[in-house]
Amino acid sequence: MSSAELRTNHHCQGSAQTLPDVLRLLSFNIQVGNNTQKFHHYLTRSWQHLLPHAGRQVQLSKVAQLLNDFDLVALQEVDGGSLRSGFVNQVEHLARESGFPYWYQQLNRNLGRFAQHSNGLLSRYAPDLLEDHKLPGVLPGRGAILTQFGDGPESLLVVMMHLALSPKGRANQLAYIRERIADHRHVVLMGDMNTHAEDLLEKSPLQGSKLHTATLPGTYPSWKPAKVLDHILISPSLSIEQVDVLPHAISDHLPVAMHIRLPASLCGSSGKG
């Protein structure tokens, strides 16, 4: 774990510093701006994961337009600025395009100028704490961003992640995350978790955590969604006002949106800008 430096878009004026009654969350695996529409595209368009292409900017513009309606966004499979993205930090780019005053890029696999595999955080509110966590695994390259709004027992802890493909790898990573959230009352976990909710809540180290979520339609693959791999899990102190899998087939995953109602004790939390 390391402390992390929150980035600020200084041109975004008038950013709110008090959490709202209802916080609008989004989790989206954007596949570095690639538009996969069939399984064979993983082969025929595999070069797009290595080299720049004209369609990537079009896809990012669609993502940015979607993000406008949310307060706190977890991004997976973003590029931090390499050859394939035209040396554009996609987290920073999306923050600017969507008017988010605060953002953070977590670099998980650094392949130099060829790829900067990352997770991303976008926020309209300044967190009081931001930490970069490398998740355990046989192969390095999975991470979680931990961010906290407010101080003390009534703070809101949000963990954004992209979990391993293997059940054993996920279990080790979720055990690590369970330790991080154990002492917090108000918790949100969000990201591409590579398994469905029953496994997460009933058959993983999260069992007994009392986290809950809504029953969702499929999020993967975006062109014929059959598996629910993307989730937003929340503690019992938080309630779901609205939840949707958004029908925007921009990536190979569909985005998950959730509006959550915060306790009154949280809505007075002020961020530091």
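The values are calculated or read from the model by the stated rules, or taken from the named source; none is laboratory data. Because the structure is predicted, anything quoted here is derived from the model rather than measured. A quick note on method: Cβ atoms are made from the backbone with ideal geometry, for glycine too, and the neighbour counts reach across all protein chains shown. Only protein heavy atoms, including side chains, enter the accessible area calculation; ligands, DNA and RNA are left aside. Shrake-Rupley method; radii C 1.70, N 1.55, O 1.52, S 1.80 Å.
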Quiz prompt | Of all residues in the range 211-248 being in contact with a Gly (Cβ under 6 Å, 6 or more places away or on another chain) and assigned to a loop (DSSP other than H, G, I, E, B), the one that is least open to solvent (accessible area, probe 1.4 Å) | solution = VAL228
Self-check item: Residue tally, condition of a type in the set (Gly, Ala, Ser), closer than 20 Å to SER118 by Cα and in contact (Cβ under 8 Å) with a residue 12 or more places away in the chain, over the range 161-196
Solution: 3
Exercise. Run GLY141 past the list (1) over 17 Å from the mean Cα position of the chain (by Cα); (2) on the phi > 0 side of the Ramachandran plot and report the number of the one that doesn't hold.
Key: (1)
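How many of the residues making up the range 9-38 are closer than 30 Å to LEU254 by Cβ and at pLDDT below 80?
Here the count works out to 10.
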Practice problem: Take the range 113-145 and flag every residue that is open to solvent by 40 Å² or more (accessible area, probe 1.4 Å), of a type in the set (A, V, I, L, M, F, W, C) and part of a loop (DSSP other than H, G, I, E, B). | Solution: PHE114, VAL138, LEU139
Quiz item: Across the range 39-68, what is the number of residues that are farther than 16 Å from ASP252 by Cα and at pLDDT below 60?
Solution: 3
Quiz item: Can you tell me which of ASN89, ASN110 is of a type in the set (S, T, N, Q) and under 16 Å from THR8 (Cα atoms)?
Solution: ASN89
Exercise. Go through (1) open to solvent by less than 10 Å² (accessible area, probe 1.4 Å); (2) not in a strand (DSSP E or B) and name the single condition ALA257 misses.
Key: (2)
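Whether any residue in the range 238-253 is small (Gly, Ala, Ser) and touching a helix residue (DSSP H, G or I) at 6+ places or on another chain (Cβ under 6 Å) is what I want to check.
Checked the range 238-253: at least one residue is small (Gly, Ala, Ser) and touching a helix residue (DSSP H, G or I) at 6+ places or on another chain (Cβ under 6 Å).
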